Structures are given as structure tokens and as C-alpha cells.
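The values are calculated or read from the model by the stated rules, or taken from the named source; none is laboratory data. Because the structure is a prediction, the values reported are computed rather than measured. Note that we place each Cβ from the backbone using ideal geometry, even for glycine, and neighbour counts take in every protein chain shown. Please note that ligands, DNA and RNA were not included when accessible areas were found on the heavy atoms of the full protein model with its side chains. Shrake-Rupley method; radii C 1.70, N 1.55, O 1.52, S 1.80 Å.
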Amino acid sequence: MSNPLQQTTLQNWGIIGHEHAIDRLRRTLAAQQIRHAYLFTGPKHIGKTLLARRFAQTLLCTSSPDPRIAPQGPCNVCLSCRKVMHGNHPDLHIIARAPDKQFILIEQIRALQSDSARKTLEGTRNIFIIQGAHEMNLQAANCLLKALEEPEPDVVLLLTTPDPGLLLPTVLSRVQPVPMHLLTTMQIQAALEQHWEVEPKEAALTAALAAGRMGWAVQAIEDDEMLAERKEQLETLTKLPAASKVQRFEVAQRLSADTDKIRSILVVWLLWWRDMVLAANKCLDLTVNVDMRDLLKTQAAKVGATESERMVRAILRTIEALEQNVNARLALEVLMLDVPAIR
Ligand SMILES: [Zn+2]
């Protein structure tokens, strides 16, 4: 960090934390050994797509004296950089699952193939970001494999996924991994205060709830409803132990109506029940729901550590079941029966 030039290029990336991942990419750039495909991995909302975009921007940046050689970080001022930042660079293509579809489809990968065979429009490379690469169906994945096996010379594929284990081993063996790790609560809190001008108290709560994911924290402060929604979700959740079977099934029915939201609700619940385990083990100061520690303390005293741990496992099982596309209402009903009772 002592070299001021290095510091500047690091700042140009505009990313909080993730120095290891950036360093890995900068070394590739410095050695001019750009691979055909990279895989950005890490939990949801950690910043995989953002880092992939910055890397794409660097690869397309024209600030170097020799335009064939990419700099070690984006300059953020050249025309090419500005186009990437505004989302309208013709040589950067983003592929993701359509909101109304279950998978990334083979047509989307075929379009990638025909686009990559074409000459680049402005820059020296054709870059494709495949967001959520695990969401490809088998046909699409096999089609992508062909593109990886016989890469066009100036094409770079940037894949993102929360779990590399969900990709075909044959795809995995052809990509350069870029693992991303959770930030500390302090890193997130400091960034929120410095760069987003969030008040210290709100920054502390948001950073704790973000559980290491900067993207989640930024979304939470930019979208007022997110924290309000969390409150609402926790209200439902904290009433469950005292609710009757009929009331619990009503909750399951209501929640299962909005399948897109279920996962984020379950993550809120998971954080709560992890806090319950901590509170039951007298580690209240490690809990993330910092604004609700009084309630955590009283509920944990009644439920106990064993039951709380059982509930954490039940929620994890439910999240896993939903990923395998089981009936959401059924999965939630099963979970409802797992909620320990407080009478
Ligand atoms: Zn530039």
C-alpha cells in the first residue's frame, strides 16, 4: 500500500474491500495474460457483478498509450470507461435469467456465440458477463461449454455464481476462479459513513444486518422500504412461537403467495435464529439484530440454545428445498411446524 501509484489504481476500481480479488485481476492485467473466462464467486449481494463490470471496464479502457494493452485499473474518464459506466458500451454484453423465466436459456447462449464471432464494434475485445451462471439449464450450459472449449480470440467471459458447486465440472475446469469473501462489519460501517454519508447509528445497524455483504448494505440505505420490510418480517416471525397451528399455516399461505420474496424473508429469519442461538449462549454482543437485543434476550431465555439451533437447521433445509423448486407453500408449512412454541 506504500506505493502511491498502486493506491491510485486500487481506488480507481471503486470497490470497497475485496483487495485480494482485485489484486488477482491486476496481476493478470500486469502480465498481459488475460484468460478467456473468469468465475466470480461469493454470497449473494457481495458485489460479484460490480467487480466483473469493473474488470470489463478495465479491459475496454483506452487510457494506455498502446490501445491493445489494458491498464491495471479503469481510468474512469476515457470515452470507453464512461460508456461502460453508463451501461451502453456496444462490446459489453450482459446475460442473465429473465425475471419471468426459470433458467438462462439456450437462445441466450446462442446469441452470445453469434455476437462473439462478430468483430468488436469499438474496442479490442468482446466481453460477456453471465450473471448467475448456475441458472443455466443443461442445454444452455452445454452450449456455453462449446464456447469455452473453442474460444474466439478476443472474447472474455465473466461468469458469476454464489456457489461454484452448481456449475458443470467441465465448465469449472475452464474458468479462472475469482473468489470474493465477506467484508467485516467495521469495513461496511466505515464505508457507509464515509462514502454514503449515513449517520453513525444507522450505519452501525445496516452494517450489522448486511452480514458482510456490501451490496446488501447499499441496497438497504438506498431503498427505505428494505429496512421497513425487515421490521415487518421480524414482527411476523417473532409472533410465531406463540401462534397456534392454524395461525402458522395462515402465515405460510400468505408468504408463499410471493415466491420472489420468500428467499429474502428466509434470510432475515435465518439471521434472527442465529442471533437466538448466540443470545441463548450469552453472546448477545455478537448478534446482528442490534436494535432488537432486548427481545432476543427474553425469547432466547424461553426457547433455549438447542431448540434455536434446530430452527437454524430447519430454515437452511427450507432454503435448500426451495432451490430445488419444491412447492413453496408445502415447504413453509413444514417450517412453521418446526418453530419452537412459547406458551
Ligand atoms: Zn478508461
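Within the stretch 259-280, can one find any residue that is outside any helix (DSSP H, G or I) and either under 20 Å from the mean Cα position of the chain (by Cα) or at pLDDT below 95 (or both)?
As a first pass, look at the stretch 259-280 and keep what is outside any helix (DSSP H, G or I): none.
Within the stretch 259-280 (the criterion being outside any helix (DSSP H, G or I) and either under 20 Å from the mean Cα position of the chain (by Cα) or at pLDDT below 95 (or both)), the answer is no, since none of the residues qualifies.
Exactly one condition in (1) under 20 Å from the mean Cα position of the chain (by Cα); (2) open to solvent by 50 Å² or more (accessible area, probe 1.4 Å); (3) within 16 Å of the ligand (Cβ to nearest atom) is not met by Pro99; state its number.
Here Pro99 meets the rest and fails (3).
Being under 30 Å from Glu135 (Cβ atoms), touching a residue at least 12 places away in the same chain (Cβ under 8 Å) and surrounded by 15 or more Cβ atoms within 10 Å (Cβ to Cβ) is true for just one of Ala300, Ala305, Ala280, Ala314. Which residue is that?
On the way: Ala300 fails: under 30 Å from Glu135 (Cβ atoms); Ala305 fails: under 30 Å from Glu135 (Cβ atoms); Ala280 fails: under 30 Å from Glu135 (Cβ atoms).
When all the criteria are applied, what remains is Ala314.
For residues that are touching a helix residue (DSSP H, G or I) at 6+ places or on another chain (Cβ under 8 Å), of a type outside the set (A, V, I, L, M, F, W, C) and under 26 Å from Ala203 (Cα atoms), tally how many sit in the stretch 242-294.
Count: 8.
Across the stretch 120-175, what is the number of residues that are β-branched (Val, Ile, Thr) and more than 17 Å from Lys48 (Cβ to Cβ)?
4
Per-residue answers, yes or no, for (1) touching a strand residue (DSSP E or B) at 6+ places or on another chain (Cβ under 6 Å); (2) open to solvent by 80 Å² or more (accessible area, probe 1.4 Å); (3) closer than 30 Å to Leu145 by Cβ:
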| site | (1), (2), (3) |
| --- | --- |
| Thr170 | no, no, yes |
| Gln176 | yes, no, yes |
| His181 | no, yes, yes |
| Leu192 | no, no, no |
| His195 | no, yes, no |
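Please determine, by comparing only the residues of the stretch 24-52 that are farther than 21 Å from Val171 by Cα and within 16 Å of the ligand (Cβ to nearest atom), which one is surrounded by the fewest Cβ atoms within 10 Å (Cβ to Cβ). Steps first, please.
So the first thing to find is which residues in the stretch 24-52 are farther than 21 Å from Val171 by Cα, and the list is 26-27, 29-32, 45-47, 50.
Restricting the remaining residues to those that are within 16 Å of the ligand (Cβ to nearest atom) gives 26, 29.
Working: Arg26: 20, Leu29: 18.
The extreme case among them is Leu29.
Exactly one condition in (1) outside any helix (DSSP H, G or I); (2) out of contact with any helix residue (DSSP H, G or I) (no Cβ under 8 Å at 6 or more places or on another chain) is false for Asp115; which is it?
(1)
Hey, can you tell me all the residues within the stretch 197-232 that are open to solvent by less than 20 Å² (accessible area, probe 1.4 Å) and in a helix (DSSP H, G or I)?
Of everything in the stretch 197-232, those that are open to solvent by less than 20 Å² (accessible area, probe 1.4 Å) and in a helix (DSSP H, G or I) turn out to be Ala203, Thr206, Ala207, Ala208, Leu209, Ala210, Met214, Ala217, Ala220, Arg230.
Of all residues in the stretch 56-72, count the ones that are within 10 Å of the ligand (Cβ to nearest atom) and open to solvent by 10 Å² or more (accessible area, probe 1.4 Å).
5
Do you know which of the residues in the stretch 317-330 that are in a helix (DSSP H, G or I) and free of Cβ contacts under 8 Å to residues at least 60 places away in the same chain is surrounded by the most Cβ atoms within 10 Å (Cβ to Cβ)?
So in the stretch 317-330, the residues in a helix (DSSP H, G or I) come out as 317-323, 328-330.
Right, trim to free of Cβ contacts under 8 Å to residues at least 60 places away in the same chain and you get 317-321, 323, 330.
Working: Arg317: 14, Thr318: 23, Ile319: 16, Glu320: 11, Ala321: 17, Glu323: 12, Leu330: 12.
Only one residue fits best here, namely Thr318.
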